[in-house]
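Below is one structure, written out as structure tokens, with a few remarks after it.
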Amino acid sequence: MTDDRLEQIIGKLLWAGVSLAAAVVLAGGVWYLAVNGMATADYRSFHRQAGGLDGPQSLILAGLLILIATPVARVIFALVAFALEGDRMFVAISAVVLAVLLYSIAAGLLLNRVAQSSDALDLHFHHVAWRHTARIPRRSGVDHVAGHQGYPSAHPSHNRRAIENQI
């Protein structure tokens with residue numbers, strides 16, 4: 001197999017993978033909008049769904065997985081092609097790249113599993129927005145940071161005059 005032929009096959013492989021991924025994500029997006037298009041979005045609170053993904057969301061996820069698998073398939077194809085050509089240096093380089101890709105995917109899956117076992121993914125932005133909407137006067141940056149760390153001096157009732165009156 002010549003280098004030009006190898007590049008053409010790899011180019012077609014990448015084009016097919018990205019095109020298939022785009023078509024699957026587009027189909028899932030259209031399906032999602034057909035089912036949930038008129039629903040009101042609530043961006044104040046993000047949390048994972050207890051029941052897993054439903055039909056449209058799982059189709060979108062499948063498209064994203066195809067997109068992620070496309071460069072992995074390219075590296076596997078290049079590794080096999082270089083092995084058939086007998087090019088040991090490029091086989092070794094492709095094997096290292098494949099090992100890094102597989103390690104990254106495995107680490108991402110492991111971290112996702114750890115995050116799912118805790119409540120770390122439950123984000124509630126209305127708790128963050130409370131500080132900006134409450135009628136508490138703005139304080140210095142040190143008090144603002146200390147307030148998030150739980151120091152009593154950062155509490156709104158512990159201002160300088162209240163402390164002076166106590167002395």
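The values are calculated or read from the model by the stated rules, or taken from the named source; none is laboratory data. The shown structure was predicted, so the numbers you read here are calculated from the model rather than taken from an experiment. Cβ coordinates were reconstructed from backbone atoms using ideal geometry, including for glycine residues, and neighbour counts include every protein chain displayed.
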Task: Residue count for the stretch 79-101, restricted to those that are more than 23 Å from Ala22 (Cα to Cα), surrounded by 12 or more Cβ atoms within 10 Å (Cβ to Cβ) and touching a residue at least 12 places away in the same chain (Cβ under 8 Å) - done: 10
Open item on the list: Can you say whether Tyr32 is hydroxyl-bearing (Ser, Thr, Tyr) and at pLDDT below 80, as far as the supplied structure shows?
Closed with: no
- [ ] Would you tally the residues in the stretch 8-30 being buried (at least 16 other Cβ atoms within 10 Å of the Cβ) and either in contact with a His (Cβ under 8 Å, 6 or more places away or on another chain) or among the aromatic types (Phe, Trp, Tyr) (or both)?
- [x] 0
TODO: Test Ala27 against the stated conditions and say whether it is assigned to a helix (DSSP H, G or I) and closer than 24 Å to Arg113 by Cβ.
DONE: no
Open item on the list: If Tyr103 satisfies all but one of (1) modelled with pLDDT of 90 or more; (2) farther than 25 Å from Ile9 by Cβ; (3) more than 21 Å from the chain's Cα centre (by Cα), what's the number of the condition it fails?
Closed with: (3)
Task: Residue within the stretch 56-63 that is surrounded by 15 or more Cβ atoms within 10 Å (Cβ to Cβ), within 30 Å of Val35 (Cβ to Cβ), modelled with pLDDT under 90 and in contact with a Gly (Cβ under 8 Å, 6 or more places away or on another chain) present - done: yes
